[in-house]
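Just so you know, all these numbers are worked out from the coordinates, no wet-lab data involved. Just so you know, these numbers come straight off a predicted model, no measurement behind them. Every residue, glycine among them, receives a Cβ derived from its backbone with ideal geometry; neighbour counts consider all protein chains shown.
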Amino acid sequence: MMHGAFVSGVAPGRSPLSTGSFSWEAFGIFTVLTVVSLVVAVILHRKERREALVASEGVVLRKKVASVRSTTFADVAGHEAVKQQLQDVVDFLKRPKRYQAYGATLPKGILLTGPPGVGKTLLAKAVAGEAGVPFFFATGTDFREKYVGVGASRIRQLFAQAKKAAPCLVFLDEFDSLARRRDQAHEETADTLNAFLTQMDGFSSSSAIVVLASTNFADALDPAAIRPGRFDRHIDVLPPDRLARKAIFAVHAQGKPMGPIDWDALSRKTAGLSGAHLASILNEAAILCALEDGQHIEEKHLHEALTRVLAGIKHEGDFSALRERIAVHEAGHAVLALALGVTPEYMTIEPRGRSLGHVFYAQPHEALRTKNQLEAEIQILLGGLLAENLRYGEHGTGAAHDLARATDIAKDMIGQFGMGDTLAVQKSPSQEAIEALLQSLFERAKALLGTHREAHRRLVDAVLCEGILSKDVLSSLFLYETSCKTDEIHVQ
């Protein structure tokens, strides 16, 4: 008979959860407290991190407030129509009472759209400089953060500073990063955009705050962000035309030792290039002149600078085995261009950048292209592979880029411009329609190249001898009689 009671070896008078001096109850409480402490620590760390990010961003934004009075519309060559649309904003910031007397209000927001490098940021600085007001600068990516609420806080902070500095101008570059369509954005981006819209609605036109925003992707913007009442004006900033390019060259030529330059010819050669491209061309020319210790920047420096910007720096390599094929390919482009009434500025088989040779054309007026011009462009692009096929019975991989561009143009002709078999615009043209258009132009280009086969041979021989052929030489060789000697033509 056993005295007392024992259950599963547990001593009488003790809890089943206790054995010896170890307490399971105490261990459970300790574990819960540890987990709670860790959770609280993580929450506090994230809060402190978020507050630190917001505070540091406030310092960054304050540092970005700058006086830009040294930048005026005189520094923005071309874009006369754009400057005219912005001039009344400048005058309003200078003399608000003049407009308020007529019941006019200052536009809250102005959206500048256009391709990269056309001068949207420079125009915004010029507006602030002309008006003599503080200039707040931020980019759309400044308000993107993985922590929810940080971007919205930065928006509120920016507008709070702007209200204190009014009258002022707030410029938001890369606006599409901030105001992208909310159905394509994640939660943090949508919350940040909502905060921006609230701030735009929260100040009146009498607050003397103007928000300028710029984007390269206007189609990606949320319609609610750019509606009237928020962005009252939408201004397209386009690449400069010929006269504007000449004016831009004049601005960037200041302070440089320029020799006699045919600015009209250079402006024609640079059709389609942005103001940033033009500035780069003049800077490259100045560098080349300095490397030669020259006294003046000459035409040769500008020609090399233009070629560098468009095609890259000339590099040496052992391409002797490919030299003839490259000449045949490039001469095919040049002959078809000349046959179709497009005179190239030059043709070269000097390797530059990724290209082993190229033919440079001065683009026609870029604002309007006809069906004949686009068809001619496709035929010229096909000229290289056609010439290789005629000479070698096949074409090489060097035609890949030409084919891709020709396909893109054919797709746009059918899908955007109604230049296919029907006038209807096909948003998603079929592969069969694109192939049919390309094949038709391929046959026309093939027949044209066959007609000028002898001219093609002359161009190949000349460029193999000289490496580069100028515009005048190309025209002379193309028009020269078959019985004439190519060495009778002065090749530069």
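For the pair His401 and Ile313, a Förster radius of 22 Å applied to the C-beta separation gives a FRET efficiency near 0.70, rounded to the nearest 0.05.
Label zone of Glu454 (point 7 Å out along Cα→Cβ, amide N under 20 Å): in the range 385-400 this covers 387, 390-391.
Using the 10 angstrom Cβ neighbour count as an exposure proxy, how do Tyr102, Tyr480, Tyr392, Tyr361 rank, fewest first?
Values: Tyr102 6, Tyr480 16, Tyr392 12, Tyr361 20.
Ordered by Cβ neighbours within 10 Å, fewest first: Tyr102, Tyr392, Tyr480, Tyr361.
By the count of other C-beta atoms within 10 Å, a proxy for reagent exposure, Leu464, Leu212, Leu282 are ordered fewest to most as Leu464, Leu282, Leu212. First check a/c for the range 379-433, with a ≥ b ≥ c the square roots of the eigenvalues of its C-alpha gyration tensor; if it is under 1.5, answer rounded, and if not, answer prolate when a/b is larger than b/c or oblate otherwise. Prolate shape, in that a/c is at least 1.5 and a/b is the bigger ratio. Farthest toward the positive end of the dipole of the range 242-311, out of Gly255, Leu278, Ile297, is the Cα of Leu278, where the dipole comes from beta carbon charges about the Cα centre.
Output the pairs from Lys94/Lys163; Lys120/Lys269; Lys94/Lys164 with a Cα-Cα distance over 19 Å in this structure; if there are none, say none. Walk me through the intermediate numbers first.
Working: Lys94/Lys163 17 Å; Lys120/Lys269 23 Å; Lys94/Lys164 17 Å.
Beyond 19 Å: Lys120/Lys269.
Length gained on full extension, Thr72 to Arg227, computed as 0.36 nm times the residue gap minus the Cα-Cα distance: 52.9 nm.
Couplings 3J(HN,Hα) for the range 416-432, derived from phi with the Karplus relation 6.51 cos²θ - 1.76 cosθ + 1.60 (θ = phi - 60°), are 10, 9, x, 10, x, 5, 10, 6, 5, 7, 9, 4, 10, x, 6, 5, 5 Hz, where x marks Gly and Pro.
Database remark: amide H of Leu212 closer than 5 angstrom to the amide H of Ile110, Val170, Phe171, Leu172 (H placed geometrically; neighbours at sequence offset of 5 or more, or on other chains; Pro and chain starts carry no H). Taking label points 7 Å from Cα along the Cα-to-Cβ direction, Cys465 and Val40 give a separation of 9.1 nm.
Classify the range 304-396 as rounded, prolate or oblate, taking a ≥ b ≥ c as the square roots of the eigenvalues of its Cα gyration tensor: rounded when a/c is under 1.5, otherwise prolate if a/b is larger than b/c and oblate if not. Let's see the in-between values first.
Details: a/c = 2.60, a/b = 1.23, b/c = 2.11.
Taking the square roots of the gyration eigenvalues as a ≥ b ≥ c, the range 304-396 is oblate.
Give me the distance in nm between label points sitting 7 Å out from Cα along the Cα-to-Cβ direction at Gln84 and Leu33, one decimal. For Gln84 paired with Leu33, the spin-label model returns 7.9 nm. Computed with the Debye formula from one identical point scatterer per Cα of the range 323-488, without solvent, the log10 of I(q)/I(0) at q = 0.10, 0.11, 0.12, 0.20 Å⁻¹ comes to -0.37, -0.45, -0.53, -1.28. The charge dipole of the range 242-311, taken about the Cα centre with unit charges on the Cβ atoms of Lys, Arg (+1) and Asp, Glu (-1), comes to about 380 debye, rounded to the nearest 20.
Counting neighbouring Cβ atoms within 10 Å and putting the fewest first, the residues Thr343, Thr31 line up as Thr31, Thr343.
Can you compute the FRET efficiency between Ala250 and Gln416 using 1/(1 + (r/R0)^6), with r the Cβ-Cβ distance and R0 = 41 Å? Round to the nearest 0.05.
Details: r = 36 Å, r/R0 = 0.87.
Here the calculated transfer efficiency is 0.70.
Cα centroids of the range 321-354 and the range 93-110: 57 Å apart. Shape annotation for the range 410-460: C-alpha extents along the principal axes are 44, 16, 15 Å, from largest to smallest. Based on DSSP, what percent of beta bridges with both residues in the range 108-258 are antiparallel, to the nearest 5? Percent antiparallel among DSSP bridges in the range 108-258 is about 5.
Pairs of alpha-carbon atoms within less than 8 angstrom and 6+ residues apart define the contacts here; what relative contact order does the range 279-413 have, in percent? Show your work: numbers first, answer last.
On the way: 148 pairs, mean separation 27.6, N = 135.
With pairs under 8 Å counted, the relative contact order is 20 percent.
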